[in-house]
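I have placed the structure first, in the form of structure tokens, so that the comments after it can refer back to it.
The values are calculated or read from the model by the stated rules, or taken from the named source; none is laboratory data. Computed from a prediction, not measured in an experiment: that's the story for all the values here. Here the Cβ positions follow ideal geometry from the backbone for every residue, glycine too, while neighbour counts run over all protein chains shown. Quick note on the areas: whole protein, heavy atoms, side chains included, nothing else; ligands and nucleic acids left out. Shrake-Rupley method; radii C 1.70, N 1.55, O 1.52, S 1.80 Å.
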Amino acid sequence: MPHHHLLQWRQSTALRLIAIPTAILFIYAAFFFYSRHSDVDINPIPNAGLPPSNSSSCHIDLDLLRTHASNSSAEYARLEIAVVRTENFTGFSDTLDVPVPTYQTVQLDTEDHTKPLPEERCSTSVTIHAPVAAPRVNASHMLFGVATSVERLYDSLDAFAHWAGETNAHIVAVVDDESSAKQSKERAKELDIRLTVIQNSEELLDRYFSLIRILLERKDELTQWIVLIDDDTFFPSMRNLVQRLATYDPTEPQYIGALTEDISQMYYGSHMAYGGAGIFLSIPLVQQLDAVFEYCYDFKHSGDRMIARCIYDHTTTKLTWERGLHQLDLRGDASGFYESGRPLPLSLHHWKSWFHADMVALSKVAAICGEDCLLRRWDLPGDKDDWYLINGFSVIKYSVPLYDPIAMEQTWDNSKYKGPDPFAYSLGPLRKKDENKFSLRLKGAIQEADRVRQIYVHESASDRKPQVLEVVWKVAH
């Protein structure tokens, strides 16, 4: 090879050796730069115009508002609560040292998906302490039974997941048509719920009583308690339930449950454990009932009444009223119960029939502040009026000062009982309904990686704009 060609070849080779690492370095720098900026998407995805749910940018989610407000505009405010998880947690305070934020008008009749906000609007409003995240409690000693339809079973699974998912609690569902339960079984597996579905063509009330024998046949060496529930029974804290049940001796005959809250209901039922609150039976008692199953089966009544009659007629065991369990026989507006600020109930019922409260949305914030913060009532002090945040249920302002914080507001319909104080024996002390109370109710909750966004809405009967308060719970880092 001639000398000048050799020289050109060496120079071009050297240039290529320099150019290749330089190009690689440039590509890496560009990737690093863009990956540090959340508003640049280097991997296009469907609906790329929508911001990701965990976007760090400060904005109003207009699409979310539209699902809860049909008007052309809404009044919007935002509250950011940071949660510090601490080992030496001693309890929640009664007050959040922050006022209700100022509202702004937001137009919804646009094609925009989001509306930018100043960063200070998304800064922490208040910081609270909460217990460290605890592992799921082991409930393998509890065997639950529910008699329902395939459709209602599927609709109940997301709520069941809050208390039964990842706990090894076993749920046996007796349904009318097991062949169509495939979807429920698949969904239960996704939610890590231990579910067995059994077909039984008997009438619903007979199926309920048949749970006694069905569950006894399916108990294992770990089973200590057989628990009968309705498909709208909800346990806000499985940990609290397990701890409370541990105070009872499962080796003795035990019949544990709750009375109805309305004394008039006892005229139709009895002094018994009402099924929606959960009926807790120890194995020794269930074995006694199994021995007389055929005798008791002939008594046709509601399922929980059949069980009570069987226990009272054939054993000496009597009901133990566990006050944390609630049948919630309250018709109409039961908000006064949920907003009472009392200790978190062990069970709730009728939340999607007699009264509507979204237990799935309510429970989501437990991922940030723990189960014991559910339905926690915090005072939000203001310049003139005191507001209250009932976590997972509502944000309210009473029209008169709350002089007696332990008295429960009787918001629900009157009892058919004509005597005095039909609810006082179960829910007292009570106070009259505040007809002028201002309330924003929880309409939805979105759980993201390290935060939960709650949407509280006040819908006016007039043409006034709905008020939307977004409460963002986030883990402090």
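Points worth noting:
- Evaluating residue 192 against the criteria (1) open to solvent by less than 60 Å² (accessible area, probe 1.4 Å); (2) under 22 Å from the mean Cα position of the chain (by Cα) leaves one unmet condition, (1).
- Pairs meeting the criteria (first residue in segment 345-368 and over 24 Å from residue 82 (Cβ atoms), second residue of a type in the set (A, V, I, L, M) and open to solvent by 20 Å² or more (accessible area, probe 1.4 Å), beta carbons under 7 Å, at least 6 apart or on different chains) are 358/442.
- Subset of segment 411-429 [surrounded by fewer than 17 Cβ atoms within 10 Å (Cβ to Cβ) and of a type in the set (A, V, I, L, M, F, W, C)]: 424
- In this structure, residue 313 does not satisfy being under 27 Å from residue 78 (Cβ atoms), part of a helix (DSSP H, G or I) and not hydrophobic (A, V, I, L, M, F, W, C).
- Beta carbons closer than 9 Å, at least 6 apart along the sequence or on distinct chains, pair a first residue in segment 107-123 that is closer than 16 Å to residue 453 by Cβ and part of a strand (DSSP E or B) with a second that is of a type in the set (Asp, Glu) and at pLDDT 90 or above for 114/61; 114/63; 115/61.
- Across segment 433-451, a minimum of one residue is classified as over 23 Å from the mean Cα position of the chain (by Cα) and crowded, with 17+ Cβ neighbours inside 10 Å.
- Tally, over segment 244-292, of residues that are surrounded by fewer than 23 Cβ atoms within 10 Å (Cβ to Cβ) and in contact with a Cys (Cβ under 8 Å, 6 or more places away or on another chain): 1
- Residue match in segment 85-96 (condition: open to solvent by 60 Å² or more (accessible area, probe 1.4 Å) and in a strand (DSSP E or B)): yes
- Filter result (of a type outside the set (A, V, I, L, M) and under 25 Å from residue 343 (Cβ atoms)) within segment 79-126: 85, 86, 87, 88, 89, 90, 91, 92, 93, 94, 95, 97
- Once segment 252-303 is narrowed to residues that are among the aromatic types (Phe, Trp, Tyr) and assigned to a helix (DSSP H, G or I), the residue that is farthest from residue 219 (Cα to Cα) is 267.
- Lone qualifier among 79, 96, 143, 64 - being under 27 Å from residue 199 (Cβ atoms), in contact with an Asp or Glu (Cβ under 9 Å, 6 or more places away or on another chain) and among the aliphatic types (A, V, I, L, M): 143
- Within segment 370-403, restricting attention to residues that are under 22 Å from residue 330 (Cα atoms) and in a loop (DSSP other than H, G, I, E, B), the residue that is most open to solvent (accessible area, probe 1.4 Å) is 376.
- Residue in segment 128-146 that is open to solvent by 20 Å² or more (accessible area, probe 1.4 Å), of a type in the set (S, T, N, Q) and either at pLDDT below 95 or in a helix (DSSP H, G or I) (or both) present: no
- Selection within segment 197-226 - assigned to a strand (DSSP E or B) and farther than 10 Å from residue 145 by Cβ: 197, 199, 225
- Apart from one condition, residue 166 fits all of (1) buried (at least 19 other Cβ atoms within 10 Å of the Cβ); (2) modelled with pLDDT of 95 or more; the exception is (1).
- Test result for residue 152, in a helix (DSSP H, G or I), open to solvent by 60 Å² or more (accessible area, probe 1.4 Å) and touching a residue at least 60 places away in the same chain (Cβ under 8 Å): yes
- Candidate set: segment 324-369, residues that are basic (Lys, Arg) and either more than 14 Å from residue 235 (Cα to Cα) or part of a helix (DSSP H, G or I) (or both); chosen: the one most open to solvent (accessible area, probe 1.4 Å): 331
- In summary, residue 311 fulfils each of the numbered conditions (1) over 23 Å from residue 260 (Cα atoms); (2) of a type outside the set (Phe, Trp, Tyr); (3) open to solvent by less than 40 Å² (accessible area, probe 1.4 Å); (4) modelled with pLDDT of 95 or more with the single exception of condition (1).
- Applying the criterion of being within 22 Å of residue 209 (Cβ to Cβ) and either in contact with a Cys (Cβ under 6 Å, 6 or more places away or on another chain) or in a loop (DSSP other than H, G, I, E, B) (or both) to the residues of segment 227-243, the residue that is most open to solvent (accessible area, probe 1.4 Å) is 230.
- Of all the numbered requirements in (1) surrounded by 13 or more Cβ atoms within 10 Å (Cβ to Cβ); (2) of a type outside the set (S, T, N, Q); (3) farther than 29 Å from residue 406 by Cα, residue 79 misses one, and that requirement is (3).
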